[in-house]
Every structure is written in structure tokens, then in C-alpha cells.
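Below is one structure, written out as C-alpha cells; the observations come after it.
The values are calculated or read from the model by the stated rules, or taken from the named source; none is laboratory data. Fair warning: this is a prediction, and the values are worked out from it, not measured in the lab. Heads up, the Cβs are rebuilt from the backbone with ideal geometry, glycines too, and the neighbour counts pull from every protein chain shown.
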Amino acid sequence: MSAIATRYTLLWGAAIVGLAILGVYTYLANLQLERTEFITGYSLFALMIALALFNARKKLAMVPLIRSAYWLAIHVVGGAAAVILFFIHTGSIWPTGGYEQALALVFYLVSVSGIVGYAIQRVNPRRLVQTDLEIIYERIPAELAEIREKAEAEILACTEGTGSDTLARHYMETLSWYFRRPRFILNNVFGGKAVEHWLRLQYRTVNRYLNDNEREYLDRINDLAEMKAKIDVHYACQGMMKGWLLVHLPLAAAVLGLMFWHVIVVNVYAL
Amino acid sequence: MMDPEKFKHDSSRYERPANKFRCGRGAEWGKPCEFGPDTTGRCGGMSECRPAKVDDRWECRRSAIAGGPCENGPDSDGSCCNKHPPCHPRRTIRSIRGLLAIGAFAIVVGVIALMLTLDSGGAARDSIIEAGNLTGGHANFTSAKGCVSCHSAHDENAGDWFLAAFTEEDMTGKCVDCHTFGGDPRHAHNADFASKLPTTKCVMCHTEHKGEDADIKSMSDAQCNACHKNEIDSFSANHPTFSANFPHDRRTSVQFNHTSHLSKYFVDKRYQEKAPTDCTSCHSVDTAAKAVEPASFEETCATCHSPAIRERELVVLNLPEFEENLIDREAVSEACGPTLESWELLREQMTEITDAVEAGDDVEIPETEEEEYEAVSLEEAHPVSAYLLGTVADDMESYTEPIQEFVMRLAEEGPAPLAELVDEKAGKEVSAAMLSGLNPELVKRVACAWAANLEYEAPTENELGGWHGDALELRYTPMSHGDSVVKAWIAFALASDADENSDEADAIEAMQSVILDRKEGAGACTKCHAISEDEAGIRIAEWRYRPSDTRPFTTYSHGAHITLLNPEGVNLMDPEHGCSTCHKINEEAAYKEAFDHSDPHSFQSNFYAIEKETCAQCHSEGQVQQDCQLCHVYHADPGFDLRMVKNEDAESVD
């Protein structure tokens, strides 16, 4: 078993045991006519704070607070446990009070965004590996600019070397659009092959009008286009891996705000 | 595969994704500059290098990544010769993420703050506090005052409101503002059990804000088992068997022998028409609940027992035989006026004087001859009057003076002296009930007659009942069943008690034997109405139907069962589906003997005990519901405080 699998197995085991203990304790306390919602509520409150600390941990990279990978594992397992604990706490899927419903809605959105994010983090790295290319997300604009410069240089060289502007006009009409910025983002998000078909079409379309000399330039431009297609996949996949947090984190912040108010109100009114 | 060499530290620029801003050119898919924006978001790429002055010359410092030192070199003023227009740096994803998170938190805080200040703490504030709708009843009565009806802190100022989070509110106290119980609401079952149980709170079982139609009363069997040591899995499985006389825990308040009434009394042809046809002849099933109460006396027993009631007269006073007459005639005349005999004697004397004057004879006023006293009564003193006056009924010497004095007082004052006596003997104000309807004129006339050593002659027959004089007795005839005067005298007799060795013991016993005489006196009431000792040990007559009170936490619906037994039309005498399904008459039971003493709990029921198995025929696993709350209730005598029905607006108008 790999270290990651061991880590997750242990954490899942701990979470299940913890939830089982809390569930049994809650059940027994309920039979003893104790107010179990305070036990489950404060447990959930503590768990939510612990989950929120993961973000703080990432900002404190210089402090030796356990490896970030462990924090991630705790965050993933803890997040799943929080959903179950939420059901135990509320005793229903949908509470009755307006404020509680708002809190539940945001909590569910955070949970769903977290699950989606986790899926993205698990799936997309494999897809990135399949591109046979490694590139830092922040460097993609520079890399695209460099590829574009190379492509345009090839077009100029072709025009000057062959005296034909066929390839140059083709570039101006079609390929310049492609090289200008990442394209086929949505298709790449879903793992489609639209870009390959599109490039093949462009290649075939212009290829018949070119002589052998021009075809050499076309082949080099096509190589650059394929390289750019891989970077586009990186852009789409890495963008998803960063973008889901734009939903998850603000919602988590909103949940924390709603939760703090809920705790205050409960203590004022229900104690 | 990308060339790894191009990302070596000296071949590529250093990326700073943690910075707040990134190059605007890169954001527009151009080639980013080498420096990137500064921390405040201003463009840092307006020149390609920052020339350095070496001795007196400016040298180009363009990095190798950007192409190394340029050909033209810095300008004379030391600025870079390769100038570019500034870009518009953009925020990095991390920065946007942070802003969104802070923004979302701020929005939540802002909305809460806004709702708290809007509407001066009205509906807007309540919307971010209310945990859910109240159940219908609670929603209605809290609609005027709102949350503060139950939550004291609700209308406090912000500081006190927040501090309330650290103090515990007595929510049970709020509940009992309106709800009342037969015992302490903080005790289990509102009762004082022998075993010490933890303090309870209403919210342990009843939690509100779960919606208008929420069931906030039901409990699970497991929750009942939390306190009960004998844990019960289900009724059919291991509920204890019923007690020996279940459901009867005491004898009935009215001695009604079902065996003899159903199989003996109405065998005689004379009474067969009056015979009850079935249980419903006497028991009102249409209002059946936990008990199927019998119908009223008038609807049931009166057919046979009503005529005898008027025959049971109560004698309160009598004129006994006296050895001598100690009553002052002048006092009698003053109180009652002259009697017919004295008028006649006076007329004779006046005639003799007139005749003597007319004849010229000397007028000699005759001296009144003292007649020899001969008592009009030959009876002993009545035990009731003897007890009231503290004399001995059969000792003429003892009672002569007190009774004659008492008769004179009655003649002078009416019933007031009698009222004083009964109040004094009872130790409390009972005369109003005991002497209700006693006409003062009647008392005076009777007393005057007795004071004059005469029998009282009633002007008319007493046909309607009530108080009346009968020659030498002051009597009371019950007017109907449930006569309040007779009930008051029986209560008086039962409550009178004295130490066996005291002087009064015999007098009390004699008085009681007369008033409670079942054969001839008003005590015939107690032939049917049981005499029992109450909690204080005082004997009382049980005038009303009395449902079971030793199982305050048990409930049962006869109505539901009657409907279920025979949905096509109830025949309650049907041996299989009627009342006898559960209630089987025990003809061998010594029912009558249970009324010979005053302990209501020493008895034999007219019916065989209902056994658990009878109920378990239907209430068992897989059949009819059998949870604890089906037959048991938690609270003792739950009710509402009277203030709940007060019209506060009306009061304020007053």
C-alpha cells in the first residue's frame, strides 16, 4: 500500500470511528433526554474551524506544521465527516428556519464544491501527464507568446524564402486566431479532441495549395500548433484546479460567518 | 516534450504566484516583462533594465533572459533606452480568491448587521434569529409579544443580549407561565416518587421551532426506558402483567352490584319492564373516554329507587319529656304572644268581674292557680339535639334545663342558636348548608308551641318536602335525589369524631346511628353511596362517580375500542364483540362486603380482572400500535393557567 493510500486509510478509519463514537454517544444521550444538538453542534463547529485552518496552513508555509499533504488528507476526510456530522446535528436534510436554511444551503454548496474540487484534483493531474508536457500555470502566457513568435517567424521566413504568400494568408485568416491565446478551453475541460480535428482540417485545407518548400514550413508550424494544443490542455486543466477554489473558498468563508452567528444565537436563545 | 533547459534558474524568469498582481501584458497573452508589477499593482516593465552607474558611466543591466545588455546602452541621464508604455497589471488568482473570500465573509456580516438594524428590531431581526416556525398553538399565543414571550433576552440591549449567551435561561419557568401540572414540573412525571430522580426540564422532551405541524410531544419507548429501571421492549414482549383487580384500583363510589341487578332483581315479573337491556342502558358510551361513566340517577336508578328517597326523613330536634317546667311564661308570652288558652282564661276572669260589678258584689280578683305541670311529651331527648346541646339523651335531669333554655332561644331568635351549635360542633361554617331552607318563622312557631308545653300543629301537610315541624319534632324531608341538606348532615355526622374515652363518644355514636341509619333514617343514602376515608383519614360519603385516580399516567379510549370492536354496528352485549370482550362479570365476587368498611382499597370487583393477554390480542408485534405513549401519559393533570383565557385588553380598559 502506498504512503498516500495508508494515510487516507488511517484517516478514513479515524473519521469513521470518531463519527461512530459520536453517533452512539448522541443516540445514548438522546435516550437520556439530554440535548444532543449541543454536543453535535460544537463538534461540527470545531471540525469546521479545523477545516478552515487548512487555508491558514498554506499561507504559513515557513512554519513546520505537519506536511501540507497531511493537511490536505485531513481536510478531505474531515470535510466528508462534516457532511455526515451536519446530518446528525440537524436531524434532517433541510432545516425549518429561514436562517438555518440559508446556512444549510451554503454548507451544501461548500460541500459540493469541495467534492467537485477533490475530483478535479484527482482526475486532472493524470490528464496533464498524458500531454507529455510540464509547464507552470503562470508561465503559460509567456510560453504561448514565444510559440506565437516562432510561428510568425516561420511564416515570414516562408514568404521570404518561397516568394509565396499562400501560407501567410492562411495563417492570417485562421491560425493567428488559434495562436493568439488559449483556445478550445471548454472542450479541453471535458477532455475533448476538437483541437486535433481543427488543426488537421487546417493542415489539409492549406496543404493542397502548397509546394514542397512551403510544406516544410507548414510542418514546422503544425508542430508548434500541436505544442500549443498541449499547453491549452494544461491551461484548461490547471485553470480548473485553481478555479474551483474561487467558488469553494468564498463559500467556506460565508459558512464560517453564518456559523459564528448561529452559535451566538443558539447560546443566547437555547441555553 | 518541452526542453527542460529553458526553465533553469538563469534561463527563465522567476514566477511569483503568491504576489497580488501579475503582468498586464501576460494577462493579454503577450510576452510578460521581466520585472512584473510591484506590490501596489503598478507596472514595473516600462523599461527593460535598471542601468547601474559604474564610476562615471551608466551600464546596461538587461538580464540574459531578456537578451543581455542592449547595443545602445542607457541614456545619458541613466535611464534605460528601451522604454515601453506601461501595462495594466491584473490580480493573480490567489489574490482574487482572497478578495472573494473576504468579500463573502463581509457580505454575511454586513447582511446580519443590516438585518439587526433594519425595522428597529422587528421582523428583519427575527428573520436571522428564528430557528423555524412554532407549532400552531404556540405561534398563536406568542404572536402579540413575539420572541420575548419565551426568550427574555430578546428585547434586551445589544450588550445584555450578547451576555445572555453566557447565562442559562430558565425555559421551564417560561413554560409553566402558561402550562399547569398536577405537581412540580421539574420532577419526573410531575410527581414525588420515592426514588430520587434528576431534575427535569421541558426542553428535554419538547423542542420547538420545528415547523407549524411538528409533533413536539411524542417520545420514543427508548426514552421512557431512560428512567424506568424495568426496561420494556414492547407491550406484548415484556410489559408487566396487570394488577390483580385491573383496571379497578378501589371499590366503586356507588354500591351497584352488577350481578344482582342483571340476574336477580329483574327476574320478578313486576320489575321486568324496568330491567336494563344491556350495558348501554346505564353507561353512556357516546361520551366514553377513559371511563364509560354511568348516566345520571334520574336516567337509571330513579325508576326503582326514587320513591324511597322521600320516605327517609331527618329528625334534628324534638321536645322531650321534662320533670318540671322551667320556662318563664311571661317570657314566652313576650316572645310568642298570648296563647289561645291564656286568652280564654283571661276572658273567663273578665266575665266573672263584670258579673260581680253588675250585681253590686265585691269584686274579688281571682288568683291564678298554679296548674300542676304535665309534660306534653313522653319521649327521651333526640340523640341529635342531645349531642348538639351536650346532654345525655336518656337523662332527664341532664337535658331538662339545657333543652328548655334552647327552646326559649329558638322562640326568641329563630334558627340562629341551632346554626351556632352545628358550627361549633363541626368546628367550621357548615350551618348554611345543613340548615338551608329552614324558615325562621317555622322555628319560632315550633319553639313557641314547645315552650308552651304544646304540640306544634302544622297549618298544612308537608307535601313538597324540606323543613317542617311535626308535633314534637323538627324534621327534614329530602326533596329529591342528591338533596344538599341531607348530604350536609351526613357529612356532619361522618366528620364528627371523638376519642373513645371522651364524654362525647357515646353522644356522637348515638347521633351518628340516627343520621346514618340505613334502614329508617336519611342514612339510607349510604346504602348506595360508599363511605370512605379520604387522605386525611376523615370519613366522607362518595356522592359522585369516581374514576380511577391511582393510575394518573395511564390513558385509555373506550370510544376508539367500541368503534373497532364492531364497525358494522355496535352490539355491546354481544358476548364476542361487546363490552364483555373485556369486562366479564364475576358472579362469585364478594362485592357487597367491600362496603361494610371505609377502606376503599380493600375490595373485590364485580368483574374479573382484565389481563394483559386480552390487550395483547391486538396490541402486539406486527398488529396494532403498542408504544408506551399509546396507553401512558407523562404529565400529571396537564392544563393551562387561567391567565391564558383572560382578556388583557378588557382589563386595561377597566
Inset, instruction - May I ask you to say which residue of A:233, A:206 is closer than 27 Å to residue B:22 by Cα, in contact (Cβ under 8 Å) with a residue 12 or more places away in the chain, assigned to a helix (DSSP H, G or I) and not assigned by TED's automatic domain parsing to the domain that holds residue A:125? - result: A:233
Legend entry - Residues (under 25 Å from residue A:20 (Cβ atoms) and in contact (Cβ under 8 Å) with a residue 60 or more places away in the chain) located in segment A:86-118: A:88, A:107, A:110, A:114
Inset, instruction - Examine segment B:106-117 for a residue that is surrounded by 16 or more Cβ atoms within 10 Å (Cβ to Cβ) and among the polar types (S, T, N, Q), and state whether such a residue exists. - result: no
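Within the group B:236, B:218, B:263, which residue is more than 10 Å from every other protein chain (Cβ to nearest Cβ), of a type in the set (Gly, Ala, Ser) and crowded, with 16+ Cβ neighbours inside 10 Å? If you could, list the steps in order and put the result at the bottom.
Details: B:218 fails: crowded, with 16+ Cβ neighbours inside 10 Å; B:263 fails: crowded, with 16+ Cβ neighbours inside 10 Å.
So the residue among B:236, B:218, B:263 that is more than 10 Å from every other protein chain (Cβ to nearest Cβ), of a type in the set (Gly, Ala, Ser) and crowded, with 16+ Cβ neighbours inside 10 Å is B:236.
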Inset, instruction - Take the residues in segment A:226-247 that are at the interface with another protein chain (Cβ under 9 Å from one of its Cβ atoms) and out of contact with any Leu (no Cβ under 7 Å at 6 or more places or on another chain), then tell me which one is surrounded by the most Cβ atoms within 10 Å (Cβ to Cβ). - result: A:245
Inset, instruction - Output yes when any residue across segment B:265-279 is part of a loop (DSSP other than H, G, I, E, B) and in the same structural domain as residue B:470 (by TED's automatic domain parsing), and no when none is. - result: no
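Residue-wise test of (1) among the basic types (Lys, Arg); (2) part of a loop (DSSP other than H, G, I, E, B).
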{"residue": "B:380", "(1), (2)": "no, yes"}
{"residue": "B:403", "(1), (2)": "no, no"}
{"residue": "B:409", "(1), (2)": "yes, no"}
{"residue": "B:422", "(1), (2)": "no, no"}
{"residue": "B:437", "(1), (2)": "no, yes"}
{"residue": "B:442", "(1), (2)": "no, no"}
{"residue": "B:448", "(1), (2)": "no, no"}
{"residue": "B:458", "(1), (2)": "no, yes"}
Inset, instruction - Filter segment A:86-118 for residues that are within 12 Å of another protein chain (Cβ to nearest Cβ), surrounded by 15 or more Cβ atoms within 10 Å (Cβ to Cβ), assigned to a helix (DSSP H, G or I) and over 17 Å from the mean Cα position of the chain (by Cα) and give the result. - result: A:90, A:98, A:99, A:100, A:102, A:103, A:104, A:106
Inset, instruction - Could you pull out the residue among B:331, B:335, B:308 that is within 21 Å of residue B:457 (Cβ to Cβ), out of contact with any Phe, Trp or Tyr (no Cβ under 6 Å at 6 or more places or on another chain), in a helix (DSSP H, G or I) and among the small types (Gly, Ala, Ser)? - result: B:335
Legend entry - Of residues in segment A:166-180 being surrounded by fewer than 17 Cβ atoms within 10 Å (Cβ to Cβ) and not aliphatic (A, V, I, L, M), the one farthest from the other protein chains (Cβ to nearest Cβ): A:166
Legend entry - In segment B:518-529, the residues that are in a loop (DSSP other than H, G, I, E, B) and out of contact with any strand residue (DSSP E or B) (no Cβ under 7 Å at 6 or more places or on another chain): B:518, B:519, B:520
Inset, instruction - Name the residue, out of A:156, A:175, that is in the same structural domain as residue A:210 (by TED's automatic domain parsing) and farther than 29 Å from residue A:237 by Cα. - result: A:156
Inset, instruction - Any chance you could count how many residues in segment B:225-249 are under 28 Å from residue B:203 (Cα atoms), in a helix (DSSP H, G or I) and modelled with pLDDT of 85 or more? - result: 1
Legend entry - From B:116, B:99, residue being in contact with a strand residue (DSSP E or B) (Cβ under 9 Å, 6 or more places away or on another chain) and either within 13 Å of chain A (Cβ to nearest Cβ) or at pLDDT 95 or above (or both): B:99
Inset, instruction - Please state which one of B:16, B:61 is in a loop (DSSP other than H, G, I, E, B) and more than 10 Å from every other protein chain (Cβ to nearest Cβ). - result: B:61
Legend entry - Enumeration of residues in segment A:54-70 that are touching a helix residue (DSSP H, G or I) at 6+ places or on another chain (Cβ under 8 Å) and closer than 25 Å to residue A:104 by Cα: A:54, A:55
Inset, instruction - Report yes if some residue within segment B:195-205 is in contact (Cβ under 8 Å) with a residue 40 or more places away in the chain, within 15 Å of residue B:633 (Cβ to Cβ) and surrounded by 16 or more Cβ atoms within 10 Å (Cβ to Cβ); otherwise report no. - result: no
Legend entry - Hey, residue A:60 under 25 Å from the mean Cα position of the chain (by Cα), within 14 Å of another protein chain (Cβ to nearest Cβ) and loosely packed, with under 13 Cβ neighbours inside 10 Å or not: yes
Inset, instruction - Report whether or not residue B:328 is surrounded by fewer than 18 Cβ atoms within 10 Å (Cβ to Cβ), of a type in the set (D, E, K, R) and under 60 Å from the mean Cα position of the chain (by Cα). - result: yes
Inset, instruction - Identify, by number, the condition in (1) within 8 Å of chain B (Cβ to nearest Cβ); (2) in contact with a Pro (Cβ under 8 Å, 6 or more places away or on another chain) that residue A:269 doesn't meet. - result: (2)
Legend entry - Residue under evaluation residue B:184, criteria (1) at the interface with chain A (Cβ under 10 Å from one of its Cβ atoms); (2) free of Cβ contacts under 8 Å to residues at least 12 places away in the same chain, criterion not met: (1)
Legend entry - Subset of segment A:119-133 that is out of contact with any helix residue (DSSP H, G or I) (no Cβ under 8 Å at 6 or more places or on another chain) and within 14 Å of chain B (Cβ to nearest Cβ) - its residue that is nearest to residue A:219 (Cα to Cα): A:130
